[in-house]
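Down below is the structure, laid out as structure tokens.
Read the figures in this text as sums done on the coordinates, not as results from a lab. Just so we're clear, the structure is a prediction, and the values are computed from it rather than from any experiment. Counting neighbours? That spans all protein chains shown, and the Cβs are built from the backbone with ideal geometry, glycine included.
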Amino acid sequence: MNKAITEGADLTPPQFNEGLQFWSDQDGTPGSTTYATAGTAVIVPADSDFGDCIEILKTNTVQKLRYTGEIPVLSGCYLRITARVKAMSGNLPSVRIAGWAGALGGAHVTGISEAGPSTALTAYGEIVEISAIIGAGNRSGVDMVWGTSPVYGHFGLDMTGSSGGVVRVESIVIEDATHVFHRNMMDWVDVRDFGAIGDGVTDDSTAFEAADLAAGGRTVLVSGGSYFLANHVTFESKVRFEGTVVMPDNIRLALIQNYDLPSYVEAFGDEELALKKAMQALMNFTDHESLDMCGRRIKLTEPLDVHAVVENQDTFANRRVLRNGQLESDGSPSWDTEVFTALATYSSAATTTLSNVAGISQIPVGSLVEGTGVGREVYVRAKNVAAGTITLSLPLYAAPGQQTYTFRRFKYLLDFSGFTFLQRFNIADVEFLCQGKCSALMLPDDGLAFQVRDCYITSPLDRGVTSTGHGCSGLQLDRNQFLSNEQSQNVANRHTIAFNVNANDCKIRDNRAVRFKHFGVIHGTGHMVQSNHFFQGDAAQTDQRTAGIVLSASHSLTIVNGNYIDNCYIEWTNEHDATPDNVTGFSFSALTVQSNVFYASHAPAWFRFIWLKPHGTGHYINGLNVSGNTFRHSGGGTITRVEEVDTSIATLNLNAFRNITIGGNSFNNIDDHMFNPAIVEMTETAATNVWQADMAKYLAFGGKSRRVTSVVAHSHISDSSGNKIYTMPYAVPSLGADGTEIKVYWSEPVKGRVHTTVRIDNPV
């Protein structure tokens, strides 16, 4: 390094015998007097010890000897100044190496040491060697620490003490001493060589930037110490930390060449702080799209509020990834759920607003809202304290005009809720170790295409992934493991939910969830729920079961395909509709449930795999495909049927069913099998002109036999004498008290067997 830095630089002053005009009795700066005219020094030729040398009579309190030439002082370079002296007569002074520090433009740099250690001369004729090292870095062995402001110096020596003595000085030597501190051919530079102090107080930002600039492809070493950085610092070079850095919360450290969590842990000496600073850099410029945790487990003492950490970004739309590590709660009280109650007013005219909220200032944004007429997974999206209003994530279906609500603010390992819009953020291969003390992940208020893939969400206290707004738009949950904290609890006692969705176009694929209350509560439309396995039974084999998937938008536009739905069911509701009565609209429509495995063990006969629950009047099914599924029960006994309408709030308009396809399903230990169209065999062994059948066991969701689309004879139809009859019958549907019966009318009494095709719906 020394050769690379000083090659071409003139460090050696001229010999004294070249003229006293080069040597000043002042600072050596332009305009200083020189010994050529001072009359207090002469050249001594052929001294027995020194050869040609200068002899000086000390007449001043501090007798200076300075070279008038400017010796360059370069960052990263250390200069050793050496002189041999001997006292000849008179009073014996003390001597020291000294200099004058100059900045660009010739200004004097003050506030630094400009003199080395002092040595007393004790005898005449005794040769004494004095030396000092000058450099930018505050390092052991550096006598004069000049920092980075000086760019040159006037060097020489001082004589102090009593005047009147005569001293001879051999020609002064200035040489590069960088090798004293660094090995030759080194592949790193040290920030201390560029003026870093490392006392935890002095701002070392400029020194860090200077070291990075000088590295030129080498590694920057942050040697031992605590370095305060008051300004943003970006390292373009690779950095190695032996010391640590201290920065204000809003100041960023960007490590371009080694942007990973272990490097930040080394930089800050604290894993939790390191993660915050690394996330802060991720959402600004690091020339990296992802933060690799490198398999580290970080124990958090409080929820990591990502927006508060980033501080300068309310919206962000570039792809970013957090990957490959573990986040763990330390279980301290900072993770405790906050619970508040407040009286508030609600009107369906303002579907997502609570007004006149008492004590609104104490209610945190992001709180779960509970109360009469409040559907599942409704959250506080925003609040206006001055107006006394709260904005809800979803409408309330049957809230009274005024009531007391409960607000629960769960705590999350990663909380993105402070972002007003966040797009394309990914979390990959991260385990959320909630320890039954906290929840895992809260999404931003708004955004697009947030992805969580190949992650473990382990033992969340309340929730796995929560959306309190529209930050779930285009959400992708892929190949994750959701492991409940309530696995030992019976189903009826569970409250934990793996995830919820409020917005549209989510992809929930290839996940596995174990023993939650619900796997997912899904609002919005355009979703794909595909190839997941979620099971929710309990070891006690209780009768209680809960929904695995809750679809809370009646017009669903959703595909549920290829899942293993184990000891739970699909519930289709409109509980997030502020005006739940159907007057106009598509009602319950556009849902495909296809190629799934539905399984239950030791379930009661009343258990169903698909529940439809209207929360208002006038609803009907308008577009439903249930095909290619396997419905199976084991463990003794049977299930009466696989589907039903929950009429505890309202019923369906059975006369309005349209566009329903149910077929190709298999049923094991299920008493009644549903089809639409249902092809039912009718047999009469005694001739009669009216054949009658009740189709109720085949008709889905309590539907009526609204249409008979065909009656096809199986073999011949005959009269009572056995004669073949060729006349065509006609059918009358929707008979009986429930409209499930049909009658087939013949022109005369006949007997035989026919296959009748019955539908519960009409075409468009």
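Going highest first, how would you order 146-155, 112-121 by mean Cβ packing within 10 Å?
Packing order, densest peptide first, comes out as 146-155, 112-121.
Using 0.36 nm times the number of residues separating THR61 and GLN402, minus their current alpha carbon distance, what extension gain do you get?
Result: 113.6 nm gained on full extension.
When ranked by the protection proxy of mean other Cβ atoms within 10 Å per residue, highest first, what sequence do the peptides 95-104, 729-738 form? Kindly include the intermediate steps, with their values, before the conclusion.
Working: 95-104: 21.8, 729-738: 15.5.
In decreasing order of mean packing, 95-104, 729-738 become 95-104, 729-738.
Return the FRET efficiency for the residue pair GLU302, ALA539: r is the Cβ-Cβ distance, R0 is 41 Å, and the value is rounded to the nearest 0.05.
With a Förster radius of 41 Å, E is 0.75.
In sequence order, what are the phi-derived ³J(HN,Hα) couplings for the range 113-124 according to the Karplus relation 6.51 cos²θ - 1.76 cosθ + 1.60 with θ = phi - 60°, rounded to whole Hz, with x for glycine and proline?
7, 10, 9, x, x, 9, 10, 7, 7, 10, 8, 6
Each residue of the range 654-668 in order: what ³J(HN,Hα) in whole Hz does its phi give by Karplus 6.51 cos²θ - 1.76 cosθ + 1.60, θ = phi - 60°, with x for Gly and Pro?
After applying 6.51 cos²θ - 1.76 cosθ + 1.60, I find 5, 7, 10, 4, 9, 6, 10, 10, 9, x, x, 8, 10, 10, 10 Hz.
Simple spin-label model, 7 Å along Cα-to-Cβ: ALA387 to THR709 in nm?
Label at ALA387, label at THR709, 5.1 nm between them.
THR757 label point, 7 Å along Cα→Cβ, cut-off 15 Å on backbone N: hits in the range 681-697?
Residues passing the 15 Å test: 681.
Antiparallel versus total DSSP beta bridges in the chain: what percent is that, nearest 5?
For the chain, the DSSP antiparallel bridge percentage is about 40.
What is the dipole size for the range 484-668, taken about its Cα centre, with +1 at each Lys and Arg Cβ and -1 at each Asp and Glu Cβ, in debye to the nearest 20? Mind dumping the intermediate values first?
Values: 12 positive and 13 negative charges, 68 e Å.
Value, rounded to 20: 320 debye.
For the range 414-480, what number results from the quotient of the Cα radius of gyration and 2.2 N^0.38 Å?
Against the empirical 2.2 N^0.38 Å value, I get 1.03 for the range 414-480.
What are the ³J(HN,Hα) values, in whole Hz, obtained from phi via the Karplus relation 6.51 cos²θ - 1.76 cosθ + 1.60 with θ = phi - 60°, for each residue of the range 452-466 in sequence order, with x given for Gly and Pro?
10, 9, 6, 10, 10, 10, 10, 6, x, 5, 10, 9, x, 10, 10
Between ASN17 and VAL690, how many nm apart are label points set 7 Å from Cα along the C-beta direction?
According to this spin-label approximation, the distance is 14.4 nm.
Report, by chain and number, residues whose modeled amide H sits under 5 Å from the one on PHE667, excluding near sequence neighbours (fewer than 5 apart, same chain).
Amide H neighbours of PHE667, under 5 Å, 5+ apart: PHE631.
Where does the charge balance sit around PHE598 when Lys and Arg score +1, Asp and Glu -1, over other residues with C-beta under 14 Å from its C-beta?
0
What nm value, rounded to one decimal, do you get for the distance between THR617 and ALA317 when each label is placed 7 Å out toward the C-beta?
Modelled inter-label distance: 4.7 nm.
Kindly state, as a whole number, the per residue volume in cubic angstrom of the convex hull around the alpha carbon atoms of the range 188-288.
It is 78 Å³ per residue.
Using 0.36 nm per residue of separation minus the Cα-Cα distance, give me the extension gain between THR122 and THR341 in nm, one decimal.
70.1 nm
Which cross-chain or sequence-distant (5 or more) residues have an amide H under 5 Å from the amide H of LYS383, H modelled 1.01 Å from N in plane?
Those qualifying (amide H under 5 Å, at least 5 residues apart or on another chain) are THR391.
Excluding GLY295 itself, what net charge comes from residues whose Cβ is under 15 Å from its Cβ, given Lys and Arg +1 and Asp and Glu -1? It would help to have the intermediate numbers written out before the result.
Values: positive: ARG296, ARG297, LYS299, ARG323; negative: ASP260, GLU271, ASP292, GLU328, ASP429, GLU431, ASP454.
Charge balance near GLY295 sits at -3.
All other residues with a Cβ under 15 Å from the Cβ of ARG168 taken together, and with Lys, Arg as +1 and Asp, Glu as -1, what is their net charge?
So the surrounding residues net to -4.
Choose one of PRO333, VAL369, THR420: the residue whose Cα lies farthest towards the positive end of the charge dipole of the chain (beta-carbon charges +1 Lys, Arg; -1 Asp, Glu; about the Cα centre).
VAL369
Can you compute the equivalent ellipsoid semi-axes for the range 548-662, i.e. the square root of 5 times each eigenvalue of the Cα gyration tensor, sorted largest first and rounded to whole Å?
Over the Cα atoms of the range 548-662, the semi-axes work out to 25, 15, 12 Å.
Please list, in chain and number order, the residues 5+ apart from VAL189 or on another chain whose amide H is under 5 Å from its amide H, with Hs placed from the backbone.
Close amide H contacts, sequence-distant or interchain: THR219, VAL220, LEU221.
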